[in-house]
Amino acid sequence: MVFQVTNGIKISVKTEFESTIYRNYKLHYIFSYRLSIENQSNDTVQLLRRNWKVFDSLNEIEDINGEGVIGEKPILKPKEKFTYKSHCILTSTIGAMKGYFEMINFTTTQNFEVKIPTFQLIVKGAIN
């Protein structure tokens, strides 16, 4: 598990290799990740947008941007935590993801970025 704290918001990520699938006659690797957002600040905040960079050792870097996460824009009061599970499909056994969340602080009405630490997506046995 990796974690990082930015402006009082702790992001923790745990990954797992799930399985393989065939798409367009090519083997792909499915990874899941469980991400927790914990508000360690004294202010209420809301997640507005996500911004990801997905690294696949056999492809170019993919940028993913959009509103919220899994269809939600969670509001977190101090000491509250929001956890969700999602997935990523790669064409290789080795990859990584990183990014940031755009959030708003309801006390200051200011938007701010919360870094998502780089986390590895690796099939067991791919690296010795």
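Only the coordinates and a few stated rules stand behind these numbers; no lab work does. Since we're looking at a predicted model, the values are computed, not measured. Positions of Cβ are generated from backbone atoms using ideal geometry, with glycine treated the same way; all protein chains shown enter the neighbour counts.
Annotation note: of 48, 58, the sole residue that is part of a loop (DSSP other than H, G, I, E, B) and surrounded by fewer than 17 Cβ atoms within 10 Å (Cβ to Cβ) is 58.
The one condition from (1) closer than 17 Å to residue 113 by Cα; (2) part of a strand (DSSP E or B); (3) acidic (Asp, Glu) that residue 18 does not meet is (1). Somewhere in region 78-96, is a residue part of a loop (DSSP other than H, G, I, E, B) and surrounded by 15 or more Cβ atoms within 10 Å (Cβ to Cβ)? Scanning region 78-96 turns up at least one residue that is part of a loop (DSSP other than H, G, I, E, B) and surrounded by 15 or more Cβ atoms within 10 Å (Cβ to Cβ).
When the residues of region 1-37 are narrowed to those that are aromatic (Phe, Trp, Tyr) and in contact with a Leu (Cβ under 9 Å, 6 or more places away or on another chain), which ends up farthest from residue 103 (Cα to Cα)? Looking at residues that are aromatic (Phe, Trp, Tyr) and in contact with a Leu (Cβ under 9 Å, 6 or more places away or on another chain), I get 29. Does residue 90 satisfy being under 19 Å from residue 127 (Cα atoms) and free of Cβ contacts under 8 Å to residues at least 60 places away in the same chain? No. The residue list 113, 62 contains one member that is under 23 Å from residue 14 (Cβ atoms), without any contact (Cβ under 8 Å) to a residue 12 or more places away in the chain and of a type outside the set (S, T, N, Q), which is 62. Cβ separations smaller than 6 Å between residues 6+ apart or across chains give the following pairs from region 6-31 residues that are aromatic (Phe, Trp, Tyr) to residues that are in a strand (DSSP E or B) and surrounded by fewer than 15 Cβ atoms within 10 Å (Cβ to Cβ): 29/20. The number of residues in region 66-77 that are part of a strand (DSSP E or B) and surrounded by 11 or more Cβ atoms within 10 Å (Cβ to Cβ) comes to 5.
Residues of region 1-29 that are under 17 Å from residue 123 (Cα atoms), over 20 Å from the mean Cα position of the chain (by Cα) and among the polar types (S, T, N, Q): 20 alone.
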